[in-house]
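The values are calculated or read from the model by the stated rules, or taken from the named source; none is laboratory data. Because the structure is predicted, anything quoted here is derived from the model rather than measured. All Cβ positions, even for glycine, are placed from backbone atoms using ideal geometry, and neighbour counts span all protein chains on display. Keep in mind that these areas ignore ligands, DNA and RNA; they rest on the heavy atoms of the full protein, side chains included. Shrake-Rupley method; radii C 1.70, N 1.55, O 1.52, S 1.80 Å.
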Amino acid sequence: RNYYGGNWASFSFSGLLSWIKENQQKTDISDDCEDWRELILENEEAISLSKKDKTIQNVEDFCFSDQDSAQDVEEAGALSKLPVFGAAGAERVTEESEKECPPMENALPAVESQEPEKATDTEPASTEEGKDTEITSENESSQSTALGDSTLELGKTEAAPSEISVQEPERIMFSQIVREGRRFNIDLVSKLLYSRGLLIDLLIKSNVSRYAEFKNATRILAFREGKVEQVPCSRADVFNSRQLTMVEKRMLMKFLTFCLDYEQHPDEYQDYENSTFAQFLRTRKLTPSLQHFILHSIAMVSETDCSTLEGLQATKKFLQCLGRYGNTPFLFPLYGQGEIPQCFCRMCAVFGGIYCLRHSVQCLVVDKASGRCKAIVDHFGQRISANYFIVEDSYLSDSVCTNVSYRQISRAMLITDRSVLNTDSEQQVSILTVPPMELGKPAVCVIELCSSTMTCMKDTYLVHLTCPSTNTAREDLEPAVQKLFNIKTEKETENEELEKPRVLWAVYFNMRDSSGIDKNSYNGLPSNVYVCSGPDSALGNDCAVKQAESIFREMFPTEEFCPPSPNPEDIIYDEDEIAPEEPGLSNSPETKPETSAEESSGGGTAAVKKEDNEE
């Protein structure tokens, strides 16, 4: 691939269009060059890797915004490729046609996929070392927060309150979305970070948090009786809520207090351990609206499959994460979830890690005598030897995965013209669970992002929908989309649809969920080859963190997982590594020039300290 992160990546709008086209036009890649097979010795055997990515299927994209002339779209597409973002002051394109746009592959010429680039109006917030700041959550603005020695940077983009507009919003043309495509950072996988989750703890412990900024999720929403409502979470929210009666407020606070230390009161739930959490809630004398809030918006679990204990654990986790950085338990990384893999890549590169994009691997080379993998062969025919090999599941061939049964995730990304729930502030990051539309169907998790998350252009919202698959992504998710949004073109829109946000553009696809698969399910993998999965369907990132630590412990049982790293400017090199340069021997392997922090493998002590201006 030519971008970081695999199925965890984020794309600009033009990059996403290229990704869509690539996955809609998948063809088998023939191995024209067999020269690499000559590199396999008699005492070795090769395990071929897959030449085709089968993790993405059923990709369908639609445009509902007003269509521009082909020339306007082409010009906008050309502008979106320019290295300097120049669309901020561009005039809106006048409408020449009100017909619905065709699918994107016909509406826009192919754009080369690229690592997402960011265009911002504000410079990233900086961190002052050694200075602790209290976290407060006031309106939607966020602050920089230092925890111990490490800092999590919360986005400083201001959320200026604005009156709810009663005027019809200005129409957004498709060419404008293309023109301002670099304002978008669209994640292939939709997740949030629990404020006391494993990933936040790891980012802080390892100092990788210095490479990222975060914004609070500002509200939890519920979809009930055809309406979207805000769910009170904290004690202050509960008592300020106008949705709940005084009796309901007391009921809710009593139940949430019980959930925080439910282990101390086993007599209250042990009779219902074999029941579902929904059945348990009915025994607690909670009103239907409270049961709905707790089940779908606080515990966020299935009504039919979640046991009482699992529901209590999920509720407790939610409550424990409240208040650390704001009134909700969640954080979202500015520029998208795809920033997280790149943050770890940056840290690794500082200490000598090498990343090769656009560099494919033909096979694993296995020693027949020991049964261990000893090398890989790349597409140049070069052998690269190592002691350990970590491969993502999608690279394994069908012959290796014959006994593996995969689940699927249904995904949709929408660009809309306004929020599902308008308030005094337009800058909201919201999470909403839409209950199953019919028996046997899963609930749909909806995450709505505003422009201050640096994931979409001004006056639009980026909406992610996710659920475990039962059919194609469109079949699974379109009913929820129709409940929440207007997906008709302007001519087709009826009066009752005007109250809903209008979808300007949408894409649906199914993604493979390879989490939870035992390594023994793969056929013939050597013991020193480790398999990691792609994204799972859960809201948080605990699965990925546990998997990374588990693989690391198997390889290096005595080493610390992701230890705190020093600041690059504080790295001191060994004297032995900086030998005096002799005439005529500057390129000799015996002499090593002084390296920068990004070239050093780190670890030294004593002698020469890098100057500040060398960083």
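Of note:
- The residues listed here are N207, N216; of these, the one that is of a type outside the set (K, R) and buried (at least 19 other Cβ atoms within 10 Å of the Cβ) is N216.
- Pair list, Cβ < 6 Å and 6+ apart or interchain, from the range 328-353 residues that are within 28 Å of L432 (Cα to Cα) to residues that are in a loop (DSSP other than H, G, I, E, B) and among the β-branched types (V, I, T): F332/V429; G336/T455
- Hits in the range 430-449 (condition: touching a strand residue (DSSP E or B) at 6+ places or on another chain (Cβ under 9 Å) and among the charged types (D, E, K, R)): K441, E448
- Per the conditions (1) in contact with a helix residue (DSSP H, G or I) (Cβ under 9 Å, 6 or more places away or on another chain); (2) among the charged types (D, E, K, R); (3) open to solvent by 30 Å² or more (accessible area, probe 1.4 Å), the sole criterion not satisfied by R411 is (3).
- Within the span defined as the range 486-495, one or more residues are surrounded by 16 or more Cβ atoms within 10 Å (Cβ to Cβ), at pLDDT 85 or above and within 29 Å of the chain's Cα centre (by Cα).
- Scanning the range 303-313 for residues being open to solvent by 30 Å² or more (accessible area, probe 1.4 Å) and assigned to a helix (DSSP H, G or I) gives a total of 3.
- Restricting the first member to the range 513-536 and to residues that are under 18 Å from I376 (Cα atoms), and the second to residues that are open to solvent by 30 Å² or more (accessible area, probe 1.4 Å) and assigned to a strand (DSSP E or B), the beta-carbon pairs closer than 6 Å and six or more apart or on different chains are Y530/I390; C532/E392.
- Residue check, T470 in contact with an Asp or Glu (Cβ under 7 Å, 6 or more places away or on another chain) and of a type outside the set (D, E, K, R): yes
Here's the yes/no breakdown for (1) modelled with pLDDT of 90 or more; (2) in a loop (DSSP other than H, G, I, E, B); (3) more than 21 Å from V545 (Cβ to Cβ); (4) open to solvent by 10 Å² or more (accessible area, probe 1.4 Å):
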site: G336; (1), (2), (3), (4): yes, yes, no, no
site: Q342; (1), (2), (3), (4): yes, no, no, yes
site: G353; (1), (2), (3), (4): yes, yes, no, yes
site: I384; (1), (2), (3), (4): yes, no, yes, yes
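- Of all residues in the range 232-259 being touching a residue at least 12 places away in the same chain (Cβ under 8 Å) and part of a loop (DSSP other than H, G, I, E, B), the one that is surrounded by the most Cβ atoms within 10 Å (Cβ to Cβ): P232
- Some residue of the range 415-424 being part of a strand (DSSP E or B) and within 30 Å of T460 (Cβ to Cβ): yes
- So R358, is it assigned to a loop (DSSP other than H, G, I, E, B), open to solvent by 10 Å² or more (accessible area, probe 1.4 Å) and among the basic types (K, R): yes
- Single residue of T455, T466 found to be modelled with pLDDT of 95 or more and either of a type in the set (G, A, S) or in a loop (DSSP other than H, G, I, E, B) (or both): T455
- On the stretch given as the range 455-483, residues that are touching a strand residue (DSSP E or B) at 6+ places or on another chain (Cβ under 9 Å) and either open to solvent by 10 Å² or more (accessible area, probe 1.4 Å) or under 16 Å from P333 (Cα atoms) (or both) total 18.
- Picking from residues in the range 260-302 that are in contact with a Cys (Cβ under 8 Å, 6 or more places away or on another chain) and part of a loop (DSSP other than H, G, I, E, B), the one that is surrounded by the fewest Cβ atoms within 10 Å (Cβ to Cβ) is M300.
- Residue selected from the range 539-565 under the condition in contact (Cβ under 8 Å) with a residue 60 or more places away in the chain and part of a loop (DSSP other than H, G, I, E, B), by the criterion farthest from R196 (Cα to Cα): S565
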